[in-house]
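Presented below is the structure to which this report refers.
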Amino acid sequence: MDPQGPGDQAEASQPQPLEWRFAQVFGERGAGEDVQEVDIISAIEFDKSGDHLATGDKGGRVVLFERTDARDQNATRRELERQDVPITRHPEFRYKTEFQSHEPEANTQEKPRNWWTVTDSRKKELLFSIGEDTSFMLHIAFDYLKSLEIEEKINKIKWCQTANSALSILSTNDKTIKYWKVQEKKVKRVAVMNLDSSQSVGSSTTAIESTSSSKAPLPNGGCSDKFNCLNSDISFPPGGYPSLRLPVVTSLEANPVARCRRVFAHAHDYHINSISNNSDGETFISADDLRINLWNLEINSQSFNIVDVKPTNMEDLTEVITCAEFHPTHCNTLAYSSSKGSIRLIDLRQSALCDNHSKIFEEHEAPGSRSFFTEIIASISDIKFSRNGRYILSRDYMTLKLWDLNMDSGPVSTFQVHEHLRPKLCDLYENDSIFDKFECCLSGDGLRVATGSYGNIFRVFGCTPGSMEATTLEASRNPMRRQIANPTRPTRTLTSFTRGVRRGGENQGVDANGNSFDFSTKLLHLAWHPTENSIACAAANSLYMYYA
């Protein structure tokens, strides 16, 4: 049975706010320990069952974790009590394996002089004009390079349907998607050599020496001294060995082995920002700044372009694709977000090239609220469907928005993530933090949403009608250590940009709770367990897990 959505029972009693506790940490950084750039986690994903968790890092590695506290989900409570198994035990994971998914590669494809791409780097100049009558401001830039190195950084990880107890994973960097299969393989070794074990106990090299002799063999393993020998130290019993035995190969414990089944490459001119599996289990999509391609998992030689927003004249470009996601149950439906803050829903049954959307979700700005940063902070960095497919959660720079697919007039809820940073947008722009791409996630029951912020904190909001739940947690062993005073209540409209004199000018380096700003520590990636109230989040190279 599908979980209820946040608005399915408005009259239902409000769920109590969750009390979050620390569960586990992997790769915890010691005091004063420096973090290598290649070890920073760049992607997190639970599989559909929640029994496996995958992370990717900037070094191109994929690390897999498996659940160790799995129990029979079909057992009754009485049977579990009889087995003395705690009902409320939180998920526990252990390291399973890791493999090198991507390596650095050279991109030798020549780019036209007016190749446009969204950028968040100060190495490229932002080109846009500001004016009172400007209808849009797009943050685009061009790159004159004809050859550049493609980073091995893992941008996204997606779990595929499993078969024969093997795990299947899609991983992608900026240009290449790989389809991996991970399964248990038994390691074999030679257990019985040609000599009796009693004769080889005293010397571990006896078995090796017995096979390295160049003496001419005689029947039954005897040896004649009249032939020259390379090793005269080897002694054989008189008359040789009574019998020869064939070596026996035995299997040890099974170890997980990763094998790359297919490579999907040379289909994107721009950096891949998202991949998403279809519910049919056979196809998936990959999206870059201007196009969305449809692939078959069994065919890597071709893909179908289903969305193309590239104009004939690149100077007419007004927005780019930022994220794309398949509907969890309808294989013909997908959604993609844009840099202008809109979400488009398309139906693959309408046409081969989906130039027209079936629905568009966007929130119109209030008159007179436009500022220098309006369109920068409106760009959507991530979207997620709810498990039942009725809602879409989107994250822009300042807010989380929850959209009902049956209501395209506006979001049903808007959550202010770090409103206290609005007066510091100039500083965020100067140090490029305003281009950070935060992810978002929903709980399996659809009652709560979560996203990250600066200072390695993340926020959990209740999204049922009238809910006031807004919890702030820090990615550390003590998640409740830092709390934001007077959290902003969910609203239906955005607060306009603060104009004129900044308030609190004498203390611009602290937030609403007196904590200093630290834009270098940010929690960009997190994932919610599909069936339980458990969250995995990444703080630099450390993976923290919490439960409620």
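The values are calculated or read from the model by the stated rules, or taken from the named source; none is laboratory data. The structure displayed is predicted, hence computed values, not measured ones. Neighbour counts run over all protein chains shown; Cβ positions are idealised from the backbone, glycine included. Calculation scope for accessible area: heavy atoms of the full protein, side chains included, ligands and nucleic acids excluded. Shrake-Rupley method; radii C 1.70, N 1.55, O 1.52, S 1.80 Å.
The table below lists the values:
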read-out: In Å², nearest 10: area of residue 432 left accessible to a 1.4 Å probe; value: 30 Å²
read-out: Accessible-area ranking of 461, 435, largest first, probe 1.4 Å; value: 435, 461
read-out: Placed amide H near residue 264: partners under 5 Å, 5+ positions off or other chain; value: 177, 178, 179
read-out: Accessible-area order (highest first, 1.4 angstrom probe) of the listed residues 172, 162; value: 162, 172
read-out: Within-12-Å neighbourhood charge of residue 278 [Cβ basis; K, R +1; D, E -1]; value: -2
read-out: Per-residue HN-Hα couplings for the stretch 309-323 [Karplus 6.51, -1.76, 1.60; θ = phi - 60°; Hz; x = Gly/Pro]; value: 9, 6, x, 4, 9, 5, 6, 8, 5, 10, 7, 10, 7, 10, 6
read-out: Rounded percent of accessible protein surface that carbon and sulfur make up, the stretch 335-435, 1.4 Å probe; value: 49 percent
read-out: Surrounding net charge for residue 343, when Lys and Arg each add one and Asp and Glu each subtract one, Cβ distance under 15 Å; value: -2
read-out: Amide H within-cut-off set for residue 271, under 5 Å, with H built and near neighbours excluded; value: 289
read-out: Distant-in-sequence amide H partners of residue 23 (H built 1.01 Å from N, under 5 Å); value: 545, 546, 547
read-out: Computed accessible area, residue 528, all protein chains, 1.4 angstrom probe, square angstrom; value: 20 Å²
read-out: Mean Cβ neighbour count within 10 Å, used as a protection proxy, ranking 356-366, 442-452, 247-257 highest first; value: 442-452, 356-366, 247-257
read-out: Sum of side-chain charges, residue 250 neighbourhood, beta-carbon under 12 Å (Lys, Arg +1; Asp, Glu -1); value: +2
read-out: Label-to-label distance, nm, for residues given as residue 259 and residue 331 (7 Å Cα→Cβ offset); value: 2.6 nm
read-out: Cα shape, the stretch 289-339, gyration tensor, a/c 1.5 rule; value: oblate
read-out: Too-long pairs where the Cα-Cα distance tops 26 Å, listed order kept, from 58/522; 96/437; 153/186; 153/359; value: 96/437; 153/186; 153/359
read-out: Probe 1.4 Å, all protein chains present, accessible-area order of 419, 33, largest first; value: 33, 419
